[in-house]
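Here the structure comes first, spelled out in structure tokens, and everything after it is commentary.
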Amino acid sequence: MAEALAFAASVTAIVQIADRIIDVCKYYIRTARDAPSDFRTILVETSTLKTLFENLEFLTEHQDGISAAASKLADDGGSIKSCLQSIGELEKLLSSQTIPTGQSQSKKQKLKFVVSSLAWPLKETRARKLLGEMRQCKETINLVLTAEIAGDVKFVKQKAVELHEILTESQRLDVVKWVERTDPSPIHIRNQKLYEPGTGEWIKRSPHWDNWLAGKDRCLWLHGIPGAGKTVLMSHLIEETKGHCKKSSDGEVAWVYYYCYFGHSQDETTPFLRWVIGQLCRQSRYVPSALYAMYRRGTELSLAELLNILESIISRFSRVSILVDALDESASPRDDLLKVLRDLLTDPRFRRIQVIASSREYLDIEKAMDSLSISIPMDNSLVEDDIRLYVNSRLASNTKFHRWPRDLLAEVEDTLAKKARGMFRWAVCQIDAIQRLRPDYGIVRAELATLPRTLDETYNRIFLSIDEEERPFVSHVLRWIYFDNKAHGYDHITCPVILDAVYLSISKEIQSQKYVYDEDALRELCGCLITITKFLEDESSRSEGTVSFAHYTVLEYLESQRITMGPIAMFALRKDILDDNLARVLFNEALRQGPRTLSENSRHIDSWYKLTAMSILENTAWTEMILCDHDICELVFELFRPTRPGYANFCQAFRPFVDEPWAYTQWEPMQDNCEKSAILLNLLWHGNYRGPIFRFAEAYIQRNPDRDIFLNQISVRKAEFPFTGEDSTIALKGTVVEIVAQLKPTHSDDLSFLLDHATGLLDPTKILHIVSGMWFPISNWDQYIKRGVLAKLVSLGADLNLEAYRLTPLQIATTWRDKHLVVFLLENGADPNRAGNVDGITWSDGSLMARYNPGIAQLYTFKPLEICRLRLGDISVWFKNEQGQHEKEPLAFRKDEMEEIEKLLVKYGALDKGGPPTERIDIEMGREEFLEFQRALVDENESEQSLMEEEEVSES
């Protein structure tokens, strides 16, 4: 019944909106003959759409119900829902101002008014895009109706499942962006720039390459020593594979690449699979229903779920080529990553996948790849030819060598090619060192005669060659790169930021050193130790570019024990140890009131300090180290003090990235002694239960034994973003516990945390009254009741009957038809015959609970069993749609549980007077509560529904 009502309501709404749009378009065209042709197009398209939906409306009224295929059209993501959204947005574009009326206005004036109101949407082609979406929906609906008329049931079932998966382009992109967590494309771009044309061709002359392209060989494993150029070679093979797939006569071939990267500091298994799935969705313009269901649920994906989704997406292709680089750079243990590769190559579900992987020659990787792949070692004579070609090109393109004698350059080229022993990285470092020499035969030949044999020896010589006075600068650069990488998990720090940060951190350690370095100095002094990657077309730009370690071997050397003693110990990086000097600089700058200047660079630098400070607080490995450092910990607490100068600027920096309550809260003036309560509330709002930030909340309570922190009255206004828009706020007043009770459902972990620490300082009955006002039906009450807030409040002595209050918890639970909650209340002593206190306490004006429809307050005269028999109306939810308009959305009660609740109440002593229902009450609740309720119901049914749909596809 509910599905039929939703279907009919959507169809009727589209017809009504279409009518209004047609009227507006006719007015535009009638007003002037030279009206833009877009109006005529809109008129024609909308008219045909209206005719289609009028027929649907007629069929719905004169047939017994709607078919399963047609009902799916009205599902979220279905064609009718999508069409309603598109046509609603189109109406908004056309009616941004009232149509002019009156005889006094000339045609020209009227047309000018109309065109000016539409100039932006038409110019930006927004209206045309919406028409395209409406046209797609119309075609899909026609397809279903035609199939039903023909009676082709098998065809309809198959298309009905597909219709559930038909999404607009923007919806598909939203899903893809959600699934793609780690983007390897910057690494690919960086390595493509390092590729020297003509190198790597030796592998293409191998028969294994042709066999792999043809699908005869499933997997190639490219392996070699550190610095052998595997990653650059892989970037070349990726481009070759891309070109081959594009030229293929079979249009259903796909290619995906992924770079495991030490800078990600993560097990690459899940990010790898998520990226592969996202890229295949983009190439096929298709999102599997299982992936869309996971997206809507917003939960993490297990490896098994990811593999199942991958299976469904590769069915769209005849062959899928996957190239994955640097397996060894995935965080240890690599067991899951190697197991996934084995599954992709041995499981019949993935028979269309072929793989090229590269790595160092580590035992675990070699053991896994041995039986799966054809081995292609980098240690061969052809690699020496590639190195010679690379060295020749670099010597020719480097302006510092332009005045060198040709015979001397030839000698350098020959020596480096022979001594590299397959290590491109070694050759890069030697060129960087040699370019700093004078072109004197004696000096250069002496250098060539004593070249280091290994990369370790090379790095040792590089650091020893740095001037004493420049060593602090180089050391701080490397420390900030490391620090930033640990904070963000990828290369994030830019040239302007690192130069600013290095200046500040050096000034803290070396008071006398105050001079400023620029990007040229950064490149010159750090040389081959770092890479500056620019993604702009203008490579000469000095304002952009991320700074990173030039190669994995640089980080390995700096983290090793080999350099912790001796003359270059100052460059050693302490693995997994917080750099306290850098942390102090970071948090002090994050506390700054705002950018030092109004320049774009200054604003970018200011934002980096703030964002990185919060990222550091999410780093579990560093949490305890910060907590053990009293000074740094106090800086952290100061970040969350809402009355400090610069706090508003601090929150503003995060609004484009987060929807955390603390970033959207307006704090009312407060006394000094209340600031501690506000800081605690901010920490709770930002932290996930038992996460790193939550540990700071625990530490803050321990450092402030004054119990007033739980008793102070504070007032805030919290924006309801993203639920009803940033322009709508709610007023919250009370203690920390009372405010948290208002904002969180009764299973809130942070409220439970506060009850543990504030025992004896609060009235548990008052908290129960607040919490009960936030109840709404959810499907998984059982696990929350036993471990959550409700059980804790009962143990603290809360009065479950709320004798001094207008409504009892049992009245509310019965209203919501929440069987699990009713059982809990009855088992713990709630009176089944108690009505509310007519003179009792109500929710205070302005509180979040008071926004409920006054109808719920009228329930106090009814006992729980009487509430069961009331003719309750629909729960209505007010919210803002995407166009910013207020809408009222109905939500049907869970009537199937009513009889069970009645039996429970009678079992526990409710007096049954019988009699038919005599009254009707309508209830409204807030958007946030509705969304939580909706998510709970979706979670309960969606997995089973998705499975049934996929089974139908298989049967078809």
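The values are calculated or read from the model by the stated rules, or taken from the named source; none is laboratory data. Quantities reported herein were computed from a predicted structural model and do not represent experimental measurements. Cβ atoms come from the backbone with ideal geometry, glycine included; neighbour counts cover every protein chain shown. The protein model used for the area step is the full one, side chains on, heavy atoms only, and it has no ligands, DNA or RNA in it. Shrake-Rupley method; radii C 1.70, N 1.55, O 1.52, S 1.80 Å.
Points to keep in mind about this one:
- Pair list, Cβ < 6 Å and 6+ apart or interchain, from region 301-320 residues that are among the small types (G, A, S) and in a helix (DSSP H, G or I) to residues that are open to solvent by less than 20 Å² (accessible area, probe 1.4 Å) and modelled with pLDDT under 90: S312/P288
- Within region 303-313, the set of residues being open to solvent by 50 Å² or more (accessible area, probe 1.4 Å) and not hydrophobic (A, V, I, L, M, F, W, C) comprises E305, N308, E311.
- Of the residues making up region 629-653, those that are in a helix (DSSP H, G or I), within 28 Å of the chain's Cα centre (by Cα) and either without any contact (Cβ under 8 Å) to a residue 24 or more places away in the chain or at positive phi (or both) are Y647, A648, C651, Q652.
- S284 vs. criteria polar (S, T, N, Q) and touching a residue at least 40 places away in the same chain (Cβ under 8 Å): no
- Flag for P226 being farther than 19 Å from L310 by Cα and surrounded by fewer than 18 Cβ atoms within 10 Å (Cβ to Cβ): no
- If the condition is being part of a helix (DSSP H, G or I) and either buried (at least 20 other Cβ atoms within 10 Å of the Cβ) or touching a helix residue (DSSP H, G or I) at 6+ places or on another chain (Cβ under 6 Å) (or both), then region 329-344 contributes E329, D336, L337, L338, V340, L341, L344.
- Candidates are the residues of region 176-219 that are under 25 Å from L345 (Cβ atoms) and β-branched (V, I, T); the one that is surrounded by the most Cβ atoms within 10 Å (Cβ to Cβ) is I187.
- Residue within region 369-383 that is touching a helix residue (DSSP H, G or I) at 6+ places or on another chain (Cβ under 7 Å) and over 19 Å from W209 (Cβ atoms) present: no
- Scanning region 590-633 for residues that are open to solvent by 20 Å² or more (accessible area, probe 1.4 Å) and within 21 Å of I577 (Cβ to Cβ) yields a total of 12.
- Long-range neighbours under 6 Å by Cβ, at least six apart or interchain, first residue under 19 Å from E468 (Cβ atoms) within region 557-572, second in a helix (DSSP H, G or I) and polar (S, T, N, Q): M570/S475; F571/S475
- Applying the set (1) in contact with a Gly (Cβ under 6 Å, 6 or more places away or on another chain); (2) at pLDDT 95 or above to M378 leaves exactly one unmet item: (2).
- Restricting attention to region 274-292, the residues that are open to solvent by 10 Å² or more (accessible area, probe 1.4 Å) and either hydrophobic (A, V, I, L, M, F, W, C) or in contact with a strand residue (DSSP E or B) (Cβ under 7 Å, 6 or more places away or on another chain) (or both) add up to 4.
- Scan of region 323-354 for residues that are β-branched (V, I, T) and within 17 Å of W275 (Cα to Cα), ordered by number: V324, V340, I353
Rundown of residues vs (1) buried (at least 22 other Cβ atoms within 10 Å of the Cβ); (2) over 39 Å from the mean Cα position of the chain (by Cα), yes/no style:
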site: E470; (1), (2): no, yes
site: V474; (1), (2): yes, no
site: I481; (1), (2): yes, no
site: H492; (1), (2): no, no
site: I498; (1), (2): yes, no
site: V502; (1), (2): yes, no
site: S505; (1), (2): yes, no
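- Considering residues of region 417-450 that are hydrophobic (A, V, I, L, M, F, W, C) and part of a loop (DSSP other than H, G, I, E, B) only, the residue nearest to K400 (Cα to Cα): L437
- Checking each residue in region 816-836 for being assigned to a loop (DSSP other than H, G, I, E, B) and either among the basic types (K, R) or under 19 Å from L911 (Cβ atoms) (or both) picks out R817, G829, A830, D831, P832, N833, R834, A835, G836.
- Residue, farthest from T765 (Cα to Cα), within region 826-872, restricted to residues that are modelled with pLDDT under 80, open to solvent by less than 30 Å² (accessible area, probe 1.4 Å) and touching a strand residue (DSSP E or B) at 6+ places or on another chain (Cβ under 7 Å): G855
- Residues being open to solvent by 10 Å² or more (accessible area, probe 1.4 Å) and of a type in the set (V, I, T) - total across region 786-825: 2
- For region 361-377, a tally of residues being outside any strand (DSSP E or B) and either among the β-branched types (V, I, T) or buried (at least 19 other Cβ atoms within 10 Å of the Cβ) (or both) returns 4.
- Conditions (1) without any contact (Cβ under 8 Å) to a residue 40 or more places away in the chain; (2) under 27 Å from E556 (Cβ atoms); (3) in contact with a Phe, Trp or Tyr (Cβ under 8 Å, 6 or more places away or on another chain); number of the one not met by D467: (3)
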